[in-house]
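Take a look at the structure set out below.
The values are calculated or read from the model by the stated rules, or taken from the named source; none is laboratory data. It should be emphasised that the depicted structure is a prediction, and the values quoted were computed from it without experimental measurement. Because the Cβ atoms are built from the backbone with ideal geometry, glycine has one as well, and the counts that use them run over all protein chains shown. Quick note on the areas: whole protein, heavy atoms, side chains included, nothing else; ligands and nucleic acids left out. Shrake-Rupley method; radii C 1.70, N 1.55, O 1.52, S 1.80 Å.
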Amino acid sequence: MKRIVILISGRGSNMEAIVRACEAERWSAQVVAVLSNRPEASGLRWAAQRGIATAVVDHRAYAQREVFDLALAQAVDLHAPDLVVLAGFMRVLGSAFVRRHAGRLLNIHPSLLPAFPGLHTHRRALEAGCKVAGATVHVVTEALDHGPIVIQSVVPVLPDDDESALAARVLATEHRIYPQAVRWFVEDALEWQDGRLRHRLAQPQGVTSGF
Ligand code: GRF
């Protein structure tokens, strides 16, 4: 039984999708804790109602980033996770945290990486005139939003899209690909080949939606 800890900062809809898939598909895994850097994160309530342990490590209580990272790492390690899943976790984690959880730290980013790392991805995709957009689940490394890619989703950018319409279309696919990626980790379904993460049985690591 693999132990999963999920870190959130807000709504937690990706966290919800992972918890639901884990239960519905009877993964050999359990989401043992949901942690947030924001006490007001609404996803915490949902997790607690579901009987999942929750905790807050409020970044505002720490003057230095490294000290926050250490407190967060300790809170995470209390749950002895096999996998740490960043799901809308809006703090950049320092290299000490990343190294401590190397190889078992996943993130989802709402763009087709390596395009548009960082914030405001949908606005930037619209401004650039992109005709497709999407989301990426990747292994977290010390380079922000640049780790090895696990799975990506692609959606069309439609002529009348604004930021929120595009975000909603991408988010719907995040809820598909993030549970898929976590499940692959739980099942040890991925392997390294030539520095890339491949599915052992060649399952597609890209999905399209809305075309
Ligand atoms: C998602 O779009 C995620 O990709 C981004 O922030 C959003 C979080 O949404 N990093 P939620 O908290 O999972 O609902």
- line: Of the conditions (1) within 14 Å of the ligand (Cβ to nearest atom); (2) open to solvent by 50 Å² or more (accessible area, probe 1.4 Å); (3) touching a residue at least 24 places away in the same chain (Cβ under 8 Å), the single one that Glu187 does not satisfy is (1)
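Residue-wise test of (1) more than 24 Å from Gly43 (Cα to Cα); (2) near the ligand (Cβ under 10 Å from one of its atoms); (3) assigned to a strand (DSSP E or B); (4) modelled with pLDDT of 95 or more.
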| position | (1), (2), (3), (4) |
| --- | --- |
| His122 | no, yes, no, yes |
| Ala125 | yes, no, no, yes |
| Val137 | no, yes, yes, yes |
| Asp145 | no, yes, no, no |
| Ala165 | no, no, no, yes |
| His175 | no, yes, no, yes |
query: under 19 Å from the mean Cα position of the chain (by Cα) and either aromatic (Phe, Trp, Tyr) or within 16 Å of the ligand (Cβ to nearest atom) (or both): does that describe Leu112?
result: yes
task: Go through (1) modelled with pLDDT of 95 or more; (2) touching a Gly at 6+ places or on another chain (Cβ under 8 Å) and name the single condition Thr141 misses.
output: (1)
field: Filter result (free of Cβ contacts under 8 Å to residues at least 40 places away in the same chain and surrounded by 17 or more Cβ atoms within 10 Å (Cβ to Cβ)) within region 125-173
entry: Cys130, Ala133, Gly134, Thr136, His138, Asp145, Val157, Asp161, Thr173
- request: For Val92, state whether it is among the hydrophobic types (A, V, I, L, M, F, W, C) and modelled with pLDDT under 95.
  value: yes
task: Please indicate, with yes or no, whether at least one residue in region 61-81 is in a helix (DSSP H, G or I) and within 16 Å of the ligand (Cβ to nearest atom).
output: no
task: Mind listing just one residue for me: the one in region 1-56 that is under 20 Å from Phe185 (Cβ atoms) and assigned to a loop (DSSP other than H, G, I, E, B) and, of those, nearest to the ligand (Cβ to nearest atom)?
output: Gly12
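So, of the residues in region 58-103 that are under 28 Å from Ile177 (Cα atoms) and charged (D, E, K, R), which turns out to be nearest to the chain's Cα centre (by Cα)?
Residues of region 58-103 under 28 Å from Ile177 (Cα atoms): 69, 72-73, 75-103.
Then drop every residue that is not charged (D, E, K, R), which leaves 69, 77, 82, 91, 99-100.
Details: Asp69: 18, Asp77: 18, Asp82: 15, Arg91: 12, Arg99: 17, Arg100: 18 Å.
It comes out as Arg91.
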